1. Taking 22 Å as R0, compute the FRET efficiency from the Cβ-Cβ separation of C:L64 and C:A144 and round it to 0.05.
2. Quick one: which residues, 5+ away or cross-chain, put their amide H under 5 Å from the amide H of D:R356? H built at 1.01 Å from N.
3. Quick one: if the Förster radius is 41 Å, what FRET efficiency do D:K281 and D:T332 give, using the C-beta to C-beta distance and rounding to 0.05?
4. Rounded, prolate or oblate: which fits chain C, taking a ≥ b ≥ c as square roots of the Cα gyration tensor eigenvalues, rounded meaning a/c under 1.5, else prolate when a/b beats b/c?
5. Given the peptides B:148-160, B:44-56, arrange them by the average over their residues of other C-beta atoms within 10 Å, most packed first.
6. Averaged over A:129-142, how many beta carbons belonging to a partner chain fall within 10 Å of each residue's beta carbon?
7. Can you pull the one-decimal nm distance between simple spin-label points at A:A154 and B:N69, each 7 Å off the Cα toward Cβ?
8. Just counting partner chain Cβ atoms within 10 Å, what average do the residues of peptide C:85-95 show around their Cβ?
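Values quoted throughout were computed directly from the atomic coordinates according to the rules given, and no laboratory measurement underlies them. Keep in mind that what you see is a predicted model, and the values were worked out from it rather than measured. All Cβ positions, even for glycine, are placed from backbone atoms using ideal geometry, and neighbour counts span all protein chains on display.
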Amino acid sequence: MRSVLRLLEGDQTIGRGLPFWGLMSLLFAGALAFGVTAGSFAVENCSYFLVWVFMALGLAFMWGLGGTMSFGQTAFFGIGGYCYAILSTNWGVESGLTMAAALLSLAAVALSAAVLGYFVFFGGINGVLVSITTLAVTLGLETFLSQTAGPKWAIGRAELGGFNGISSMPPLTVPWHGDNVEITGRSLYFGLIIFVAITYLALRILANSKVGDAMVAVRESPLRAEALGYDVKAILFVGFVVGSVLAGLSGLLYAGWGQYISPDTMGLSAAALPIIWVAVSGKDLTATMVGTVVLLGLSQALAIYGSQYALVSLALILVVSIMGCPKGVFETLLRRIDSIGGPGDQNSKPVRKSSLDRSEVLL
Amino acid sequence: MTLLRARQLTKRFGGHAAVDRLDLSIEAGEIRCLIGPNGAGKSTALALLAGSLSPSAGAIYFDGSEISNVAAHDRAKRGISIKFQLPSVFPELSVRQNLKIALSRRYLGSELDDRIDETLDLVELSDQRGKLARVLSHGQKQWLEFGLAISLKPRLLLLDEPTAGMTPEETERTGELVLRLNRSGVTVVAVEHDMQFVRQIARTVSVLHLGTVFSEGRLNDVLANEDVKKIYFGEAPRHG
Amino acid sequence: MTQVELIALAYQFGLAVAFLILSAAGLAVIFGMMGIVNMAHGELIMIGAYGTSIANRHGLPLVLAALCGVLASTATGVLLERTVIRRFYDRPSESLVMTWAIGLFISQAALIVFGPSLPSISSPLGSVAFGGFSLSIYGLLLIAFGLAVPVAIYLLLSTTTFGLHARATMQNVEVARAIGINSGSVYSATFALGAGLAGLAGALYAPTMSAVPNMGGSFIVQAFVTVVTGGGNLVYGTLPAAAGLGLVQTALTAVFGNLVGVLGLLAAVIVSAKLFPNGLAHRLSGKRFS
Amino acid sequence: MKYLRATAVCSALLVGFPLLAAAESPIKIGLLEDQTGILAQGGLPKVHGAELAVAEINAAGGVLGRPLELVVYDAQSDNQRYQEFARRLTQSDKVDVLMGGLTSASRVAVQPIAERTKTLYFYNNEYEGGTCDSNMAITGVVPEQYLALIPWMLKNVGKKVYIIAADYNFGQILGLWVRKLVKENGGTLVGEEYIPLSVSQFGQTISNIQAAKPDFVFTAMVGSNQVAYFQQASAAGLKIPMASPINGTLLYEHKQLPRPVMANMYLGVNYMEELKTDENKGFVERWRAKYPNEPYINQPGEDSYVGVKLYAEAVRAAGSAERTAVIKAIETKDICTESPEGKICFDKSTHHVSHRIHIVKVEADHSVTTVQDLGIVQPSWLGTMGCDLTKKAESKQFTPEEPKH
């Protein structure tokens, strides 16, 4: 257990020591306090932002660590959302099976990500072609689902609804004393906060574990990684599936949050968004988690107060921030905070001298 | 005991055979240098042995079993390690992280830290541990890659021009490092142009020409061979 | 199938291929030579179309108006390269996000300045009828341009000093610099060329489409898939990729309708990514430009 | 202090009588339309239409002594924004009624939120029909109204029909309607194509139409990509008459495209700026006075104007802006308004609205002439499907059946 907790800090994640974890605890406590004190609309609105964080974290994981820039996050977002919509509509809220629907949706996402990932990585597709292949998949799904209007496109009781999508499916529920309690409003918010925190910590551990080492090795030099005994294809595959499943999680949570999912969540403009969030925030997990929420809030605020200048201003802000912080706004900020605690311990270890022939020790 | 054997190994690119029916046999504990003019197929042969290229025909045996179709990463696990011609390190990571990624396959926790420090000392990069690999000098990159290649405790180390771009002094120290590794039980196959270096480390050399072994033996004997001289001047007779 | 139907089908095929080539040419030049995926490509096409449309409305004949469109997009390209793009040559993923933001800025600025749409211009040259069918003559012109553009770029790169410098820079920047080639100005010129080609696509298609701020969106997917399928070489990559994808799309659309045509195009991209993991150009020429 | 008071008095004098109504708290209308993004061309006039209606109603003293207040958000042609802002309007701004949405997808995005927050939702737009929902009022035209065009075409233009439509809900459902009407009226369908919204090149479609030789082409092309069809068809020399409920009214293609691309287009419409009725004349003058730069007063603009007016009448009849009272008024009282079309009224059982339908023709010079005035047409189809909201509150979506062969 202790060795696992040690992995919360490491080379593959920014942030260590008391200042950082103090700050993160404050953030967490602040988020909880906000959920208690803020008005119900503000809380629900924040839930909406949190829904997207999983997809962004998934991309930060596979792109930041493993170097795979997938345009397909939205494809798995859509698969997750549609599966949840279809299953929960068929079973109905009274069955109490919405959680089962959510889990099965995740399984479906994992399966489809595994199939696509197998085709891509074991089929020898790499680099920019991975991006284009995943883009083609998400656009194909969007085009297909857009034309599924009418009763002939139905799975059980759920009509796919074409461009209009599926709406009015049940929200997530938990069975409670023979009743099904809806997870909406504040309970959804607290659930999301805790779930984001767990996902974040789990990804940190994974990033600093051997899996993370392997992914970084593959990103930096596939040739060298292979020569060190890393199975490059398998590692890319694993990173892709983990990231895609998180996108699917966002999708089903989105469907549960708004009781609505439509094909345009898989379109070209939607597909670019996760990449924007991660690139502008920084590909570090902490930077992406914080940055995604901030960027979503910013673009919403602009939409409300910016009138016709909203999107122009958003574009300008993006351009300026990438020019100013090419490594990502929040990643740059985090590195600043990190450097307050002095140089990293990995560099401060005294160099030991030994009279032994080191090659004998080593080999 | 024969550690590595290549039989009729062939690699074609389009119509051109870069390696052509190559036969090679390396004893355990040996240091073998592959020499020959540019385009003789030396690097291709090494890549075939390491598994980063797959052969068009022929077979490779390692430690008694055929590995012709074993993936590169599995060969690495069986104990074949390679140092490439162009230094292949993890450029955006620190020197220490480079080694950590290599060593974390075997070690954990404080032992991992110890092994990293030892390897840093061994390749004389302790002072550079915090630097990004891409800012190292060429020679330092070469040594870092050495560190990566030996971190797996290989039984066979393949070196592709390990001293390219090094000063004479660096070359000499590299030779000492190779000899030390060899003393600790590592078999070495090196492709090299620097005859001083070859003389320093190798007992046996194989001359490659047109993708196959042209001549084999002690360095001085081989270099004295008139036909070998000719191929270095580009007028070699085709062998039968 | 009658002869008339065959001609009609061949015409459709030509139109589809020309559309893919002209959409992709500017993107291919920039991607092939600089490794930058220019997400503002669609907006540069829109600028070409807007320039043409506005100049035409102010009384310029179509040919001159189209020239204005190309100039407008080239000028925008130069401006972008000077101020922003040149800082991102060695950072492909940041440049992708950056150009995406620039594209968003351009299309929204066009909405604010010009309103939700511009009056369209009419297709010149009329139509020709044969055996119950009739074809737009302007379509034939588009097909001709679709073939002429790669050839012209090929000649530019193989016969001019700029072409020589560009190829040298692309193959090895350090060596090119060492022998005195100003790689910065080669990159600037390449980006301007790519932007100009995007503008040309906009200018050529302006008389066949409605001019709206987001019109680039109807080119960008096709451009993207053609370039990536083909790799960054217009002659060995984009041209055969466009022919292959165009054939798949035309055949599927003719037999199964537009939906299957669109899905088939996307499926062809995935299949070709698997068959040619380094792009068609790599397979066909062994190198990227020659 | 003195200065401040003087200003207050002055402004009160300037604004005059209507300000007295402001003594009461305003009735808040939450309006969600696409002012930026790909649907802006359709959405911007809808904001203007609502603003004009609100200004006119307030100038006349408001509703029940209370002024109307618009709270407008730009949905940016993004269905997710519809969801965000529908929540904001209902929960944070606490509006009395939600209005807006151009596409059916945006309606479907808003619907569950309106339902859960118990807010009445006015969808002011032409659409494919079929929504039977107690919590909604749908004020735009529906197929049984605008597709009166099809029997007219079959009678006056020819019997052979080719359908091309956008491959999504609106286009597909209109396709079903047209197929049914063609069959019932003795026509023949010689071809039909449904085209994904992303397609902008129509060579194959044009060639298919030429091969099929229809008497007229029914078009339900949607979005700026698909507008290109008309230019490309015209350039290819296709001169077959066309019929459409939408190509001309939403993106005003006859104003956008060069002459004579849209010649021989027949439209079934409740509104076009060119309609030469007395009611419309004043409307266009008032609109143009307020928005002199409006490129065209499109049908959604008028729909939005009428939607606000109908809501005001419903509140008046209910004597309150409270949701259940307004719904009850719609279902029990005769709620009508004077509109640019003439006098139109709510249908009690389905919450839809009667409209005056014209068959118009676009000439070679792109002027518009009325070829027939069909008068007021009732929204009757939902009733025949068994939707009666006065008897049973529900939220259902009906789709026409596939016609039997």
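1. On the way: r = 19 Å, r/R0 = 0.87.
In this case the efficiency is close to 0.70.
2. Residues meeting the criterion, in which the H sits 1.01 Å from N, are D:V377.
3. 0.75
4. Details: a/c = 1.71, a/b = 1.23, b/c = 1.39.
In terms of gyration-tensor shape, oblate.
5. On the way: B:148-160: 23.1, B:44-56: 21.3.
So the peptides B:148-160, B:44-56, ranked by packing, come out B:148-160, B:44-56.
6. 6
7. So the two model labels end up 5.2 nm from each other.
8. 3
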